[in-house]
Amino acid sequence: MTKPIATTREASGTPTGRLAVWWVIASEIVIFGGLLAGYLMHRLGHPEWVAHAANTNVWIGAFNTFVLLTSSLSAVLAHAAAEKGNGPKAANLLLATTFGGLIFVIVKSYEWTYEISHGMTITANGFWAFYYVAAGLHALHVVAGMVIMIIISVAARKGRELQRVELIGIYWHFVDLVWIFLFPLLYIAK
């Protein structure tokens, strides 16, 4: 069976899958960049947000940062295994990365349940609206990455489409990078 020409031709010298992922990331930079710029502009104009931001739990945010950075390590190791042609190892490492994403989402769910039960809802004020939109959009990207990783790990376990391990890794590193910006803005800058 032959591959479609779009997956084998490289007009720019970059494999088409990698180019596609970078295009997706470029569009995501616009989305998150606008959201973060809007947050910063509003934060500078609303000094009362400091009191609201003081209610975020820095330790939970730090733990989730550690979880995501650790999951990035397993994504790098999965890519290395895929480059060596070891699909089963790459699949296991992708599942470890997915597990890190799952821990992130569970901790975020606990955190939100606590905050909402204490009146810190999306409608409470501007800070909490930005907080839930930014963190929620990020969490949706984590879940999307987890789903894609599971799909890719199934093929990788069979030794197929190993180049996709790198592609989901690029996406996952972007998701981690976004959190590196969100964590200090939402949790530390008080």
Name the residue, out of A37, A134, A62, A75, that is within 21 Å of A189 (Cβ to Cβ), surrounded by 15 or more Cβ atoms within 10 Å (Cβ to Cβ) and either at pLDDT below 95 or not hydroxyl-bearing (S, T, Y) (or both). A134
Within the range 120-128, is even one residue at negative phi, touching a Gly at 6+ places or on another chain (Cβ under 6 Å) and not charged (D, E, K, R)? no
Among the residues in the range 116-130, are any touching a residue at least 40 places away in the same chain (Cβ under 8 Å) and within 27 Å of A26 (Cβ to Cβ)? yes
I'm trying to understand the selection: among the residues of the range 40-59, which are of a type outside the set (A, V, I, L, M), surrounded by 13 or more Cβ atoms within 10 Å (Cβ to Cβ) and in a helix (DSSP H, G or I)? H42, R43, W49, H52
Within the range 106-119, how many residues are surrounded by fewer than 17 Cβ atoms within 10 Å (Cβ to Cβ) and either assigned to a helix (DSSP H, G or I) or under 22 Å from the mean Cα position of the chain (by Cα) (or both)? 8
Is it fair to say F99 is part of a helix (DSSP H, G or I), within 18 Å of V147 (Cα to Cα), modelled with pLDDT of 95 or more and not polar (S, T, N, Q)? yes
Suppose we filter I122, I150 for residues that are assigned to a loop (DSSP other than H, G, I, E, B), among the aliphatic types (A, V, I, L, M) and under 22 Å from the mean Cα position of the chain (by Cα); which single one remains? I122
Scan the range 13-34 residue by residue and report those that are of a type in the set (G, A, S) and surrounded by 13 or more Cβ atoms within 10 Å (Cβ to Cβ). G17, A20
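The values are calculated or read from the model by the stated rules, or taken from the named source; none is laboratory data. Quick caveat: nothing in here was measured; it's all calculated off a predicted structure. We place every Cβ from the backbone using ideal geometry, glycine too, and count neighbours over all the protein chains shown.
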